[in-house]
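K.L.:
Just passing along the structure, written as structure tokens.
The values are calculated or read from the model by the stated rules, or taken from the named source; none is laboratory data. Note that the coordinates shown come from a computational prediction; the quantities given were computed from them, not determined experimentally. Quick reminder, even Gly has a Cβ in these numbers, built from the backbone with ideal geometry, and neighbours come from all protein chains shown. SASA here: full protein model, heavy atoms, side chains in, ligands and nucleic acids out. Shrake-Rupley method; radii C 1.70, N 1.55, O 1.52, S 1.80 Å.
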Amino acid sequence: MRPAASARAALLAAAVLAAAPAAARPPAATPPPARLAQVEDGVRRTRVLGRSPDAAAALTFDLLLERHLRYQLGGLDRLPAAATEDPVRPGVYFTITTAEVALFERPVLRLERGLLRGAMVTGCLPAGQDPAASRPVRCAPAVRPLAVRALREEAGRLRGRGLTAAPTVLLITDRDAAFAAVLHVAYAAALGTTGAPPELGLVVRTRRGPGLVPVHLVPPRPVRIAAGALPLLATVHVAAGGGLTLQAGGRGPRAAADLAALEALAAELKGREPDRTVVFVTADPRARMAEVVAAVGRLRPFFPHVVLGAAPPALARRGASD
């Protein structure tokens, strides 16, 4: 890759990253863990996730998450699997199954055959930005005000502890949840805040327990970049049923027979363009999160910045040389 082209690719990656913001629940006869709702309410009221004022002993966030997974999904094995070294950290968490969307323990939306349909999904614009400078992206409007409130509380908790980091949104998904439903919830959470967007992460199953896969979203506005850099974008598409294709370098899509073949293509691309750090991941609306996360897990060792969604519209800068 020529140095100028590599620099433009890095510029585009920086622009994107700076702007980016299952089985159904077990039967009712299985009650939530004792005092879980009280614990969560106490956790949020005290702004200290990990300790409950009404419990006799400290309750770590990891234990809270474990109980949540047991109740909401039926257990850790319902999470999509991926290798990651990132631990799960406290934050605002949404759970998306094949049946519903929940914020903490509160159901927010009932899904129709695993998807948001009709008025449950609409075009959303970023909060506090000029509508003329952005393009609407599909999100869940019922989720947005709840996410704004929860993120405001989480930001206050962080400030109370002297932390300046952006709040984290954890996307807890059943392995059979549909990619489109997860993406609509993610955008609803990411676009509702002004200033720095929350950090997003997919909660996954690892050999050691729950882990976190950080992800970004395609910004809802065009990115100004030299037209010559556009072919440098890399996109992996996951089809419903697990079919995989990779497109990069201005070439046509290359099919991967399986995850190992996808990893080989990623390694080949990284070998040609070692400065590439970003990959866009798209999927059919009904692609299972198990399929999407499996692909992401194979891509991250080569491209640490995973952006969910198609590459953003780009406005070519005049006078930019190749």
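K.L.:
What Kirkwood Rh does the stretch 139-186 have if only Cα atoms enter the pairwise 1/r average? Answer in Å.
P.N.:
Value: 12.2 Å, from the Cα pair sum.
K.L.:
Next up: Could you compute how much accessible surface Arg135 exposes when probed at 1.4 Å, giving the result in Å² to the nearest 10?
P.N.:
Probe radius 1.4 Å; accessible area of Arg135 about 80 Å².
K.L.:
Using only the Cα atoms of the stretch 82-125, what semi-axes does the equivalent ellipsoid have when each is the square root of 5 times a gyration tensor eigenvalue? Give whole Å, largest first.
P.N.:
Semi-axis lengths for the stretch 82-125 are 25, 13, 13 Å.
K.L.:
Related question: Going by amide H atoms built from the backbone, whose H comes under 5 Å of the H on Ala256, apart from near neighbours?
P.N.:
Amide H neighbours of Ala256, under 5 Å, 5+ apart: Leu244, Thr245, Leu246.
K.L.:
Dividing the Cα convex hull volume of the stretch 61-182 by residue count, how many Å³ per residue is that?
P.N.:
Looking at the stretch 61-182, the number lands at 138 Å³ per residue.
K.L.:
Using the Karplus curve 6.51 cos²θ - 1.76 cosθ + 1.60 with θ = phi - 60°, what ³J(HN,Hα) values do you get for each residue of the stretch 258-274, in whole Hz, with x for Gly and Pro?
P.N.:
Ordered by residue, 3J(HN,Hα) equals 7, 5, 4, 5, 4, 4, 5, 5, 5, 5, 4, 5, 5, x, 6, 10, x Hz.
K.L.:
Could I ask something else about it? Which whole-number percent gives the relative contact order of the stretch 156-213, counting Cα pairs below 8 Å spaced six or more residues apart?
P.N.:
In percent, rounded to a whole number, it is 36.
K.L.:
Oh, and also: Just the number please: accessible area per residue for the stretch 244-314, 1.4 Å probe, all protein chains included, in Å².
P.N.:
With the other protein chains kept in place, the stretch 244-314 gives 41 Å² per residue.
K.L.:
Can you give the local net charge around Gly209? Use residues other than it whose beta-carbon is closer than 12 angstrom to its beta-carbon, Lys and Arg +1, Asp and Glu -1.
P.N.:
With Lys, Arg at +1 and Asp, Glu at -1, the net is 0.
K.L.:
What's the carbon and sulfur percent of the stretch 246-289's accessible surface, probe 1.4 angstrom, rounded to a whole number?
P.N.:
Here carbon and sulfur together make up 54 percent of the probe-accessible area.
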